1. From the phi angles alone, apply the Karplus equation (6.51, -1.76, 1.60; θ = phi - 60°) to the range 145-156 and give each ³J(HN,Hα) in whole Hz, x where the residue is Gly or Pro.
2. On average, how much area does the Cα convex hull of the range 43-305 cover when viewed from any direction, in nm²?
3. Beyond 20 Å between alpha-carbons counts as too far, so tell me which of K596/K698; K143/K452; K61/K452; K226/K249 fall in that bin.
4. May I ask you to derive the relative contact order of the range 43-305, considering only C-alpha pairs under 8 Å and at least 6 residues apart, and to give it as an integer percent?
5. Per-residue HN-Hα couplings for the range 46-56, Karplus 6.51 cos²θ - 1.76 cosθ + 1.60 at θ = phi - 60°, whole Hz, x for Gly and Pro?
6. Is there a quick way to get the dipole size of the range 221-265? I mean about its Cα centre, with the Cβ of Lys and Arg at +1 and of Asp and Glu at -1; what is the value in debye to the nearest 20?
7. Under 17 Å from the Cα of K426, which lysines turn up, not counting those fewer than eight places away in the same chain?
8. Sort 239-252, 42-55, 456-469 by packing, meaning the average of other beta carbons within 10 Å per residue, with the highest value first.
Amino acid sequence: MAYADSQLHGWYYNCFLFWYQLHVVVVVVVVGQNTNFSFPEFPADAFTSGTLTSVNEVIVKDGALSFSPSAVANDSLTAARALYSRQVQFRDSSSSDDVGAGAVVVASFSTNFTFIIEKKARYSYPGCHGADGLVFVIVPDDKLVGDSGGHLGVLYSGHNNESSSHVFAVEIDTYRNYQYGDPSDCHVGVDVNCLNSTQLVDLKLQADPSSSSSSSSSSRESCILKSNTSITVSIDYDSQLKRVQVSLKGGPGRAPDEEFANMTVQELDLSSVFKDRMYVGFSASTGQFGCVESHTVTSWNFSSTGLPASAADSNLAAPIFNKAPEVPIFTFAVVAGLGSLLVIFLFVFDNLRRRKNNEFGADSVLYDQLLDGQPRRFTFKELSIATKGFNPSELLGQGGFGSVYRGKLQSSDSSSSSQTTWVAVKQLAQGSHQGQREFLAELTTISKIRHKNLVQLQGWCHERGQLLLVYDYMSNGSLDRLLDSGCSSSSSSSSTTRSSDPHEQQPQVLSWDRRFHIVTGIVAALSYLHNEWQQCVLHRDVKPSNVMLDENFNAHLGDFGLARLIDHNKMAWTTMVAGTIGYMSPEFVHRGRATKQSDVYSFGALALEVACGRRPVDSSLAETEVVLLDCLWRAHERGELLCMMDPKLDGEFDVAQATCLLHVGLLCCHPDPDARPSMVLARQILSGDLPSPPLPAKRPHMIFDTMIQASEFTPLLSGSSSQTLNPKP
């Protein structure tokens, strides 16, 4: 059983264990420090059995790993990762006393894998030859994958060349990224915490020996790495010599064991790169705009050596058999029979109790699936103690679907010193069928999605008619709280409100660097939700109060209670309007039509609010100043757009970045949904990879068939400017 929500479960388990030990032997397997495994082919249940783990879509097809097949079919930019599920020990810090002060023992390793890359380019414009590549990785985490595109799923944008990444990689790169010093769109490189390779070999001029004209233009345009043939890569690291050797064999027109490229990296000390335990596997990233390619790994073996064996941690896996105690036959029969009856009784009683507590009705199948899965299921008692009985003093905020409390969880590990973990507990409104659906939506969506700029769901609870979600706690609170610092703002009963939290840092004026960093985090999160996960996720309520900031002011987009999952090639027609006035696109308000473009509009409104320091709609201002977009377009037409920047910044901002952000915000808020940039494009513009398109000289007008009448907005503007619309019961 994957969870324990009461003392009954513990009693049930202990009784079962006692009964079990009377009947059978116990097998104990001891795992060693050095690791060896081999996959001549991958079993169909590699992921479901727990042998491998994946981030985003990786499947086993015909005995091989296939990365992001849906994204390849749909021409969607995404990254995915497949890892060996058990951590591999790469260092033994405990041996430092034996080998010298401050020294650690580092493992050597050897790995071989065979891959096939097939370009799927649908067009023939210059440079469209498939992208982006496949990478062997050694990483510290099995829950996240880096950014797509040129980042190859290895690192996140803005985190290149950071020693805290602890990443070793060998990239099979099929796209030329000039910012990383790539020599061509066909090379292999060794990367250490950085996508600027420590050493690389250019394979652009490698010819197919079976080709009759290796000097032809077609040969110059081809790349042996994406020739749709099997290529085997061997990677060997000698920790004593501090040397990495990489070789490639096979490919078109060659025998499988015929080498066609190799490189050696000398004086490469990985002792500071490796943590004691790491994960090994592969990342892959597709291209877009018709320049995609498929990535397949057909076989893989890995071995590590050089770590000392210990009595407690041997590399030999041996079963140990505990003999059942010798007892009289009559006593054995009585005890075994009573134990069996007790187990059956407790099993039936526990099933009935859980059925009684299941209040999801038609969604009971989903409920049962969640019981045995991740994230963790908490008991109501645990969360009540953590939040001091949901005391108002711990209230962080209130919204349309309930309240959020700060909670303090104590470590359950009695063998270690007491550890405290701070969490945010979302208590959804009781007695609301809509709240119940929200609960299921959050569980099914967030539990599967992981990105550094998304709020991480830690657990859940459904007891005593309460629907509770447990999230990471963000010490700097929500973005709206900091944007509102130093100025008064009103809020209605339905808007998000916050209580004073002495444990949070006090409100302060956000510097420009932090504002721009926050916006780039939000755009990365939305780009991932829209394009890089296995399904498109519409947030439908992007606004500052749903952006949480951690201790380093990194943005984390939260509140997926309104998220809806749709297939990448389909469009969501909502049955209700849900969102916040000022952040909802005109067509969404008018038609109740939620698409990626409506999320883009909300992001644009948020970006403009971050730059200008005021809400999109503020009915407390003069009539001509109520709508921020009106003010911005008038300023743009006068050539004074930068005059709209937040006066609290006191002119201290990067002019180029500010101009770029204002332009992107206005383009995202274009009244024509088809004229808005995608989140991928917005991200590329804000990161400087693409120039910002010019703004129209005059404000564009709405063009959808039935114009929205001013009367539709009048009742909404009469109250709070941040009013949340929720569907009628």
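Quick note: the coordinates plus some simple rules give every number you see, no bench work behind them. Worth saying up front: this structure is predicted, and the values here are computed from it rather than measured. Note that each Cβ is placed from the backbone with ideal geometry, even for glycine, and that neighbours are counted across all protein chains shown.
1. 10, x, 6, 7, x, x, 7, 6, x, 8, 10, 8
2. The number I arrive at for the range 43-305 is 14.2 nm².
3. As for pairs spanning more than 20 Å Cα to Cα, those are K596/K698; K61/K452.
4. Rounded, it is 31 percent for the range 43-305.
5. Per residue, the Karplus-derived 3J(HN,Hα) values read 4, 8, 5, 7, x, 5, 10, 10, 9, 10, 6 Hz.
6. 120
7. Here the lysines satisfying the reach criterion relative to K426 are K381, K388, K408.
8. Output ranking for 239-252, 42-55, 456-469: 456-469, 239-252, 42-55.
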